[in-house]
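Following: one structure in structure tokens, then a few remarks.
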């Protein structure tokens, strides 16, 4: 059988111009508010707004120091842990009896899990084409109920915490850091009952404050009253010695500034 070679010839006609389709948004007249293409018009605007917010946030963090609270005080056993503001509504939710105690799993997993799952699935649960809020009463109503609950629980948690702080009175002062170069007087070495809690160099301990600069905030009569009557976890009658020894010890402690 004879072999026949086949050639393909491509012919171009310069009279036919290339058809270029411009990036023209389709008509969305039946959907009010949707009048531009998602890519790149709408998405580019979203990225620009996000970039401006991010740069503003970074400038704010660099130009202002973070609002830190007082140092942790291990001697303050009445301290109540308090979460950040964005967790306050969950913190307050767990105070109610129907989501606490033996129902605590309902409070930490059940209610928040259902709420956040519904929020994630909202685009699929409500697939209607209507965008006006007043024409979507169920979705709009659930949104306002959720926002009201979050704001109310946050306010309630902050209100309760403020009331607790007012009832406790001023917070205990944080212990002063120990000075490694400080050397206690020989008079202090004789106070074995005091050394057991405040340390051999008056540096303090887990259950007793630092006394290396106690005279800065305490008057001699206050120091003597604490030694004889006790304070906090310190029981009265810890000092063993004469009145003259007590006066010398008080004068020494008052001179530490």
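The values are calculated or read from the model by the stated rules, or taken from the named source; none is laboratory data. Keep in mind that what you see is a predicted model, and the values were worked out from it rather than measured. Counting neighbours? That spans all protein chains shown, and the Cβs are built from the backbone with ideal geometry, glycine included.
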Which residue pairs have Cβ atoms under 7 Å apart, sit 6 or more places apart or on different chains, and have a first residue in region 151-165 that is over 16 Å from residue 84 (Cβ atoms) and a second that is at pLDDT below 85? 164/80
Go through region 191-216 residue by residue and tally those that are part of a loop (DSSP other than H, G, I, E, B) and either in contact (Cβ under 8 Å) with a residue 24 or more places away in the chain or buried (at least 20 other Cβ atoms within 10 Å of the Cβ) (or both). 11
Here are some conditions: (1) under 30 Å from residue 154 (Cβ atoms); (2) modelled with pLDDT of 70 or more; (3) surrounded by 10 or more Cβ atoms within 10 Å (Cβ to Cβ). Residue 74 meets all but one. Which one does it not meet? (2)
Residue list for region 95-104, restricted to those being touching a helix residue (DSSP H, G or I) at 6+ places or on another chain (Cβ under 9 Å) and either modelled with pLDDT of 90 or more or assigned to a helix (DSSP H, G or I) (or both): 97, 98, 99, 103
Matching residues in region 179-190 - criterion: being under 16 Å from residue 250 (Cα atoms) and surrounded by fewer than 18 Cβ atoms within 10 Å (Cβ to Cβ): 185, 186, 187, 189, 190
Would you say residue 226 is free of Cβ contacts under 8 Å to residues at least 24 places away in the same chain, out of contact with any helix residue (DSSP H, G or I) (no Cβ under 9 Å at 6 or more places or on another chain) and not in a loop (DSSP other than H, G, I, E, B)? yes
